[in-house]
Each structure stands twice: as C-alpha cells, then as structure tokens.
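Each reported figure results from applying straightforward, stated rules to the coordinates on display, with no laboratory input. Worth saying up front: this structure is predicted, and the values here are computed from it rather than measured. Virtual Cβ from ideal backbone geometry, glycine too; neighbours counted across all protein chains shown.
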Amino acid sequence: MNTVVLVTGANSGIGLVLCERLLSQDLEGLQLCLACRSMRRAQAARSALLASHPAAQVALLQVDTSSISSVIAAAREVKLRYNRLDYLYLNAGIMPNPQFDVKAFFKGLFSSRIVSMFATGEGILTQKDGVTPDGLQDVFATNLFGHFLLIRELEPVLCHAGRTSRLIWTSSSNAHRSAFDLDDVQHRRGARPYSSSKYASDLLSLALNTRYNKQGLFSSVTCPGFVMTNLTYGILPSFPAVLWTLLMPVFWLIRMFTNTFTLTPYNGAEALLWLFKQKPESLDPQAKYHSFTSGLGNNYTLPRKMDIDVETSDALFEKLLRLERDTKCIINSKSQIVGAINSVLCY
C-alpha cells in the first residue's frame with residue numbers, strides 16, 4: 001500500500017532535506033505532501049525535489065500553523081485527498097526577533113560552558129514574541145498549538161484500527177523546563193518563548209502517546225543538534241556572511257569534542273529519517289531522539305531521557321483542549337457576525 005507522509009515547514013532547512021532523504025530511500029508508493037505557509041517557496045521546493053526525483057509523488061498543501069482558520073482549512077483538504085496518513089512530521093517552527101547577548105557570548109567562549117552555549121543557546125538568547133490575529137502568542141501558536149490543532153483535526157485519517165500512524169516532532173536541545181510555566185503556557189510573561197514552546201512539545205508528545213497509542217497513533221520527539229539553517233542565521237541577522245564563514249572552522253573543531261554539532265540540515269535530519277524506519281512500539285515515549293555527528297562526519301541517532309513527567313503532560317493537554325474549544329468558539333462567533341452583516345448588506 002502507499003505510504004502517505006506530510007511534513008510541515010517543508011520548503012527549506014531540515015524539513016526540505018528530510019523530504020529529499022525520504023525520496024532517496026526509493027520507497028515504492030511514497031506519497032509526500034509539503035505543508036508550507038508560502039506556496040511560492042513550496043512550489044520551488046517541489047521543483048527542486050522533482051529535479052532529482054522526477055517520478056516522485058510530491059503534493060503541496062498551504063498551511064500557516066500560527067492561524068487557526070488556516071490549520072482547519074488545511075486539515076479539511078488533507079481529509080479530502082487522503083483516507084489515511086501514515087507519518088505527520090511536525091517540523092514548522094519560528095524563533096522571531098532573537099536578542100543576542102554579546103557580552104554573555106564572549107564570556108562563554110572562554111568558559112567550560114562553550115559547548116552547551118552553542119548547542120542550546122541557553123544564557124545568550126531571548127526573543128520578543130508577537131501576537132497572532134487570533135490573539136495567541138505567535139511562537140506558541142506556530143510551534144505548538146497549530147500542530148496540536150492539526151493533529152486533532154486529522155484524527156480520522158491518523159487513527160485507524162489495525163494499523164499504526166506516526167507523529168514525529170522536531171524539538172530542540174533548547175527545550176528547558178525552566179522556560180516553561182504551566183500557568184502561562186503561551187509564555188506571555190517570559191522572554192524565552194522558543195524554549196518554552198519546544199519543552200511544551202516534548203510534554204505534548206508524551207500526552208499524545210498516553211491518549212492515542214491504543215488507537216494506533218504514536219508520537220516521538222527529535223533534536224537535530226546545532227544546525228546552520230535560516231533560523232540559526234536569523235539569531236545574528238547583522239552578522240556579515242564572511243563572519244559566519246570564519247566561524248565554521250571553530251564549529252568543526254568543536255565537533256571533535258561533542259557529537260551535537262551536526263552543522264548541516266542533512267545531518268540534522270538524521271533522527272527524523274531514523275524514526276521513519278523504526279517500529280513505534282519499540283520506542284521510548286519519554287526519550288528524545290537526537291541526531292549526532294561524529295568528528296569524522298558519521299551520522300547516528302541515540303535516545304536521551306527528557307526532563308518531563310506524566311502529570312505535567314496531562315495538565316498541558318487539558319489546557320490545550322480548553323484553549324481549542326475557546327478559540328473555535330470565538331472564530332465561529334466572528335464568522336456568524338460577518339455572515340449576519342453580509343446578509344444585511346445584501347438585503
């Protein structure tokens with residue numbers, strides 16, 4: 001039977017490389033769907049994939065995970081196209097307006113923290129979050145809630161008796177419990193929304209396994225390591241390209257002492273591809289599967305226990321359910337008001 005794979009944030013970086021690596025597996029009947037916010041970029045990504053794999057089945061789907069109406073519309077389209085969804089890669093994510101602490105950075109360069117500082121960004125990065133038209137925090141909506149809503153809307157094609165489906169998250173080593181507050185899941189009051197959203201995705205994955213494993217749906221979490229992507233370059237947008245070039249030998253040198261510096265999107269996608277080949281029943285729901293690259297350039301995947309617990313994950317899931325109900329009610333009310341106004345104007 002055909003295998004249907006949907007990847008959010010598939011037009012660049014790790015998402016695009018994952019799609020390329022999946023197609024390179026030469027899997028018979030693979031149907032790949034690139035779910036992207038920008039259709040122009042999605043079309044360019046599709047063209048690039050078909051250039052190297054002309055016989056591949058590559059479809060496009062417009063979705064902005066920061067927009068509730070966009071997610072609902074995208075899910076409706078998926079259910080019209082497919083009667084099953086085997087893999088849903090929850091990869092789309094943002095880190096907007098990162099603020100870089102130069103003083104802390106140079107201090108960290110000459111300390112024992114240098115490796116963890118580069119690998120996680122802890123202590124040197126904060127972000128200024130925005131608010132979506134739906135009234136949600138932008139990072140929370142894009143990285144977590146939009147994906148949660150997408151999963152909920154796609155239950156009919158994800159959950160089927162007699163077969164398994166997979167949810168695979170792109171998380172981060174920047175996911176820290178210290179950044180997350182169960183009383184402020186959107187991180188309205190903090191300065192580390194990216195870290196909070198990634199820790200929340202770790203928690204949510206565990207909660208999804210608790211609720212959906214009996215229906216054949218399994219969730220796993222990955223970490224790509226320290227990868228040079230547009231998100232990474234955006235941390236220091238004023239840095240000239242030549243400076244990044246000069247830093248690369250330093251990063252390669254650091255990789256001789258730590259396996260977390262995967263550096264390239266190809267290496268960073270290793271765990272995502274590795275999980276594609278595993279039987280979900282054999283995986284640990286409380287482990288994060290890390291992409292590692294040795295000093296000699298060899299890629300491999302290893303699990304590491306996450307700093308999460310069932311009670312907190314269940315509490316987060318219940319909060320997300322309530323937020324789902326509330327936001328849908330608001331959107332429905334707005335639609336009814338607009339409809340009533342249009343009726344009056346037409347009359």
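Structure above, values below:
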item	result
Point-to-point label distance, MET256-ASP181, nm (Cα→Cβ direction, 7 Å offset)	4.4
Whole-number D in µm²/s for the range 241-327 (Stokes-Einstein; Kirkwood sum over Cα pairs; 25 °C, 0.890 mPa s)	155
Too-long pairs where the Cα-Cα distance tops 24 Å, listed order kept, from LYS79/LYS288; LYS79/LYS305; LYS277/LYS305; LYS79/LYS198; LYS305/LYS328; LYS214/LYS328	LYS79/LYS288; LYS79/LYS305; LYS79/LYS198; LYS305/LYS328; LYS214/LYS328
Estimated FRET transfer efficiency when R0 is 30 angstrom, pair LEU50-VAL131 (beta carbons, to 0.05)	0.20
Inter-label distance for ASP314 and TYR300, nm, one decimal - labels placed 7 Å from Cα along Cα-to-Cβ	3.8
Estimated distance in nm for a label pair at ASP284 and GLU77, the labels positioned 7 Å out from Cα along Cα-to-Cβ	3.9
Segment ASN332-ASN2, extension gain: residue separation times 0.36 nm, minus the distance between their alpha carbons	115.2 nm
